[in-house]
C-alpha cells in the first residue's frame, strides 16, 4: 500500500483516540528497548527528568548528569531533523496544551506524571532492595510511560522528558510552550528523587545503586 499524502496519516498530528493509543504503545516499547540496550553502557539514561531525579538522590554525579543532558538534547535534535528530512520536509509536531488548558495546569500535569515515572525508576531499578524487579525494570518503565501518555496526552501531551520536547521544538522553530516541558518534568523528577532517593533509600551507597538500568 502506498500513501500519497503522508501527513493525513496523523490528521496533521491531531491527538485523536487512535493516534493517542499508537503514540503510547510506541513509546512504551521504544523505551523498553532503549533502556535495555543502553543499560550496560550508560545506565540507560534517555530522559532529562530521570537523570535529574537520580542526581538529586545521589545515584549519579551532577557532572555526569550534565553530560547525559547534552547527549539527550543532541539525540533529540538530530532525530527530529532526520525525521523532517526523510518525510520530505513535513512539519515536526511539537508538544502543546489542549484547548482550554492553562500553562500552570499543564505544568502541574507534567509534574505529576513525571513524578510517577521517576518514582517507578527508583523502585524498580535504583533501590538496592529491588531484587528480581531489576530484571523487568526496563519493561516496567516503558509501561508507566505508556500509561502516563494515555492519561495526560489529551491535556498536556504527556512529555515527561524535556529532551523529547526540545528536539521537535528546534526542528519546528517553535518554543512557545516549551518551557512547560522543562519546568514540569524537572520538578517532578526532583520530587521523586527527594522522596524515594533521600527518604526511602537514604542509607544506600551513593553512585553504586543505579548501574543496571535507567
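The values are calculated or read from the model by the stated rules, or taken from the named source; none is laboratory data. This structure is a prediction, so every number in the text was calculated from the model and none was measured. Backbone-built Cβ (ideal geometry, glycine too); neighbour counts: all protein chains shown.
When you look at residue 173, is it under 19 Å from residue 83 (Cβ atoms), more than 14 Å from the chain's Cα centre (by Cα) and without any contact (Cβ under 8 Å) to a residue 12 or more places away in the chain, yes or no?
Working: under 19 Å from residue 83 (Cβ atoms): yes; more than 14 Å from the chain's Cα centre (by Cα): yes; without any contact (Cβ under 8 Å) to a residue 12 or more places away in the chain: yes.
It is true that residue 173 is under 19 Å from residue 83 (Cβ atoms), more than 14 Å from the chain's Cα centre (by Cα) and without any contact (Cβ under 8 Å) to a residue 12 or more places away in the chain.
Sort through 101, 160 and tell me the only one that's part of a loop (DSSP other than H, G, I, E, B) and within 11 Å of the chain's Cα centre (by Cα). It would help to see each step written out before you state the result.
Values: 101 fails: within 11 Å of the chain's Cα centre (by Cα).
After ruling out the rest, the residue left standing is 160.
Residue 135 - would you say it is at pLDDT below 95, more than 21 Å from residue 75 (Cα to Cα) and either over 13 Å from the mean Cα position of the chain (by Cα) or crowded, with 16+ Cβ neighbours inside 10 Å (or both)?
On the way: at pLDDT below 95: yes; more than 21 Å from residue 75 (Cα to Cα): yes; either over 13 Å from the mean Cα position of the chain (by Cα) or crowded, with 16+ Cβ neighbours inside 10 Å (or both): yes.
The answer is yes for residue 135.
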- Item | Tally of residues being surrounded by fewer than 17 Cβ atoms within 10 Å (Cβ to Cβ) and either outside any loop (DSSP other than H, G, I, E, B) or out of contact with any helix residue (DSSP H, G or I) (no Cβ under 7 Å at 6 or more places or on another chain) (or both) across the range 80-98 | 8
- Over the range 117-132, the set of residues free of Cβ contacts under 8 Å to residues at least 40 places away in the same chain and under 14 Å from the mean Cα position of the chain (by Cα) is 120
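Okay, residues lined up against (1) more than 14 Å from the chain's Cα centre (by Cα); (2) touching a residue at least 12 places away in the same chain (Cβ under 8 Å); (3) farther than 21 Å from residue 181 by Cβ; (4) assigned to a helix (DSSP H, G or I):
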site: 20; (1), (2), (3), (4): yes, yes, no, yes
site: 41; (1), (2), (3), (4): yes, no, yes, no
site: 60; (1), (2), (3), (4): yes, yes, yes, no
site: 63; (1), (2), (3), (4): yes, no, yes, yes
